[in-house]
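Here the structure is laid out as structure tokens; the discussion comes afterwards.
Please treat every number below as a calculation from the coordinates, not as lab data. Predicted model, so just to flag it, every value in this text is computed and none were measured. Cβ placement follows ideal geometry from the backbone for every residue including glycine, while neighbour counts extend to all protein chains displayed.
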């Protein structure tokens, strides 16, 4: 951690850029801006980067190819995800689609399990090596503005804690205080927020390999639907080297309505007959919880204002689309785009909203906004009652009947089974058609 330098003159900026939040978005922004020759301050409220950050445990770091060449030789990963499973469950049943490939276990890799305390610290130190100043244990309390109302710095909880800069990049996480204070969040709603909670359970590495059919640095990612006690959301299980991360992500508002505790839901997942054998004898070594923006493209704030950019979770850049559950990669992509825009804007001497317009252009020309726009319907579909409750039960019952030998009576045809199962669960053809069309428009 570095000390903040004394201001040269009363009206002189302390830095060219202040980045608030040393998560993946903030560190990517600081790294890119520092490499562009800017004086960068990276502020982090925790005692070290990653100390207050929580996520399921999988990162898709392909976006790092252009930021940190051959990152896989340096990034602190636990396991490479070479096996992905999707589970549809009822309290007593589970249907799992399981895929594994050797290709994901060698360069350039696809996804990895990682610990945020290690990942975030590594990324922040990459920014420091590029010339950024990292200041930890410092909370930003408000934005500063010049006489024309343009944002030109932040106030912090340090003595004499005001810091001036030509540009502020807000990467302060979900429910962004800075984006709200800047008036960028007109449509913020708790209904677009989920709660992620997880336990980290210790198991010997050889036991994890044996139970999950893994070897070397191969890892498994299981995503689950139907395991959250009727509350919209899902469950997950990820393998680390000698621990397993297991948790749930559920609607904040629906969790409150149900008057349930997240640890109660996690206990239910751990006890599920399809999960319990994996975790027998495992010891809980960590519990954490975190809010997550899951409203997608339609709930994003304005990303630019005079003197400030917004990136990562602060800009609701988290994709919860059922098939794809991603956040860190969007944070890295947006952070890098923010850093590039900072270099461009300061070279032109224009950090007004117009001078920062290159930020959105970069997000549009890459993957961040196109992916979110394409999948803008996904959160509502995935969290709908039919997808959460009716379809897992319908599918599990249908498969159970398919594989139940009915001798001495003749085997029923698949169409007959589907019709009977659909009617038994109150799912009409119109519902199936409507959801099918929405699914094709979303994922097609």
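Using the alpha-carbon positions of segment 384-443, Rg (one decimal) and Dmax (whole number) come out as 13.3, 44 Å. Considering Cα pairs under 8 angstrom that are at least six residues apart, work out the relative contact order of the chain and quote it in whole percent. It comes to 19 percent, rounded to a whole number. A simple spin-label model places pseudo-atoms 7 Å from Cα toward Cβ; at residue 288 and residue 431 they are separated by 3.8 nm. The distance separating the Cα centre of segment 348-421 from that of segment 111-183 comes to 34 Å. Ranked by the mean number of other Cβ atoms within 10 Å of their residues, highest first, the peptides 267-274, 93-100, 170-177 fall in the order 170-177, 267-274, 93-100. Per-peptide packing, taken as the mean over residues of other Cβ atoms within 10 Å, places 194-200, 232-238 in the sequence 232-238, 194-200 from highest down.
Between residue 384 and residue 98, the FRET efficiency from the beta-carbon distance, with R0 = 35 Å, is close to 0.90. Most simply put, the chain has about 70% antiparallel DSSP beta bridges, counting only bridges with both residues inside it. In the set (1) 56, 50, 39; (2) 92, 48, 40; (3) 79, 58, 38, the label that goes with Cα extents along the principal axes in Å computed for this structure is (2). With distances taken between every two different alpha-carbon atoms, segment 325-379 has a Kirkwood hydrodynamic radius of 12.0 Å.
For the chain, the longest principal axis of the Cα atoms and the long axis of helix 116-129 meet at an angle of about 30 degrees.
Note on segment 171-235: Rg/Rh from Cα positions, Kirkwood definition for Rh, rounded to two decimals, is 1.17. Using the empirical formula 2.2 N^0.38 Å as the baseline, the Cα radius of gyration of segment 191-293 reaches a ratio of 1.08.
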